[in-house]
Structure formats: C-alpha cells, structure tokens
Amino acid sequence: MVTAQLKTNKHAVLVGVAAVGKTTLGQEAAANLGIPCFDVELVGEQELGMTIDELSECGWKDLQINEEFWQVYQELLRSSESSIIVASPRLVDRPDFWNLSYPRAITVHLRWLPLRILRRELAILGSMAEEDVVLTEGAKRDYYDYYWWRLAHCRKADNELRLSGDLAIDTDRLVRLLEPENG
C-alpha cells in the first residue's frame with residue numbers, strides 16, 4: 001500500500017466494484033476526518049429526482065445516466081473544500097476519469113474478496129442475509145468476468161486498500177492513509 005496524504009483543497013476518490021463498501025467506508029472515514037463524503041450516484045439520483053432503476057424504466061439509456069453522473073463527479077471535484085468522493089463504477093473506465101482525478105484527488109482502490117462482494121450484492125438485491133445467498137457456478141463465472149474487467153480499471157488508482165471485512169479496522173486504515181501529517 002502506498003501512503004498518501006489528503007492535502008488542503010484536495011479530495012479523496014474511492015473506486016472499486018459495486019458493493020465493495022465504498023459508501024459505508026467513505027462515510028465513516030469522512031466522519032473521522034471531519035470532512036464531507038459524497039456518493040456520485042446518490043448525489044446524481046437526488047439531483048435528477050429518480051433512482052437509476054427509475055431512470056432506466058423511463059427510457060434513459062446507460063450512456064445518458066453515465067453522462068449525468070460524470071457531470072456530478074466533475075462538479076464535486078471542482079469544490080475547493082476537501083471531501084471524500086465515492087466514484088460510481090460506471091465512471092472508472094472513462095479515460096478522462098483518471099485524467100481529471102489525478103491532479104485534484106488522491107485515488108484509492110478499495111479491494112476485497114470477489115465472492116464475498118458478490119454474496120453481499122446479491123443479499124442486498126434479494127433483501128436477505130449474506131449467509132442465505134446460494135452462488136451458482138454460472139453466477140460465480142459471470143461475476144469473475146465483471147470483477148477482473150473492473151479491476152483492470154481500478155488498478156489505475158494511486159493507492160490500493162485491501163479490505164479486511166471489519167468496518168472499524170478498514171476505516172482506521174483508510175483514515176491513516178488519508179489524514180494530513182501532524183506537524
């Protein structure tokens with residue numbers, strides 16, 4: 001893990017696959033650092049007045065949704081106040097994502113065990129406990145394809161934080177990675 005320092009007027013951008021815990025960890029770390037945390041998708045949905053699913057049901061194409069979230073991301077990066085920004089996985093494969101992010105932010109790739117992430121995501125979607133999720137071989141294979149494709153983009157981040165699955169430990173590690181040096 002490379003050490004980074006959150007500098008005045010700089011942001012921390014968290015990237016990673018869906019359901020890895022970017023928002024939860026970002027909010028916890030931001031509270032510890034005394035700075036705001038913004039999830040690009042949540043801010044975008046709030047600005048548009050609809051969820052991603054509702055937008056899709058209304059005929060919005062993925063490219064339109066991604067463009068809206070791209071605009072939100074750019075606005076958040078323009079803020080002079082330091083913050084943690086949870087980047088949408090929809091954005092990290094854009095070449096301009098990294099070109100815009102590097103000079104304005106410390107980027108951190110949050111990484112965890114692929115099948116644990118899949119189990120978590122399916123539990124959330126099915127409103128059930130993670131231990132009740134049954135993973136078929138087909139679901140595992142499909143998820144690994146997605147995971148490795150997304151991982152190739154997320155590896156462009158300045159830092160990688162391999163998660164332990166313990167929120168308190170992972171929050172402490174992220175805060176130590178980002179907090180300004182004392183003195």
Exactly one of 131, 121 is over 24 Å from residue 43 (Cα atoms) and either touching a strand residue (DSSP E or B) at 6+ places or on another chain (Cβ under 9 Å) or of a type in the set (Asp, Glu) (or both), and that one is 131
Report yes if some residue within the range 84-95 is of a type outside the set (Lys, Arg), crowded, with 22+ Cβ neighbours inside 10 Å, farther than 15 Å from residue 154 by Cβ and within 14 Å of the chain's Cα centre (by Cα); otherwise report no.
yes
Pull out all pairs, ordered by first then second residue, where Cβ-Cβ is under 9 Å, the residues are six or more apart or on different chains, the first lies in the range 96-116 and is within 12 Å of residue 154 (Cβ to Cβ) and acidic (Asp, Glu), and the second is part of a strand (DSSP E or B) and at pLDDT below 95.
none
Note down all Cβ pairs under 8 Å where the first residue falls in the range 130-148 and is in contact (Cβ under 8 Å) with a residue 40 or more places away in the chain and over 26 Å from residue 109 (Cα atoms), the second is exposed (fewer than 10 other Cβ atoms within 10 Å of the Cβ) and polar (S, T, N, Q), and they're at least six residues apart or on different chains.
none
The range 76-102, residues that are closer than 14 Å to residue 36 by Cβ, touching a Lys or Arg at 6+ places or on another chain (Cβ under 8 Å) and of a type in the set (Gly, Ala, Ser):
82
Taking residue 78 as the residue in question, decide whether it is loosely packed, with under 13 Cβ neighbours inside 10 Å, within 22 Å of residue 27 (Cβ to Cβ) and not polar (S, T, N, Q).
yes
All but one of (1) more than 17 Å from the chain's Cα centre (by Cα); (2) on the phi < 0 side of the Ramachandran plot; (3) not polar (S, T, N, Q) hold for residue 70; state the number of the condition that does not hold.
(1)
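The values are calculated or read from the model by the stated rules, or taken from the named source; none is laboratory data. This one's a predicted model, so the numbers in the text were calculated from it and none came from an experiment. Here Cβ is always computed from backbone atoms with ideal geometry, including for glycine, and neighbour counts include all displayed protein chains.
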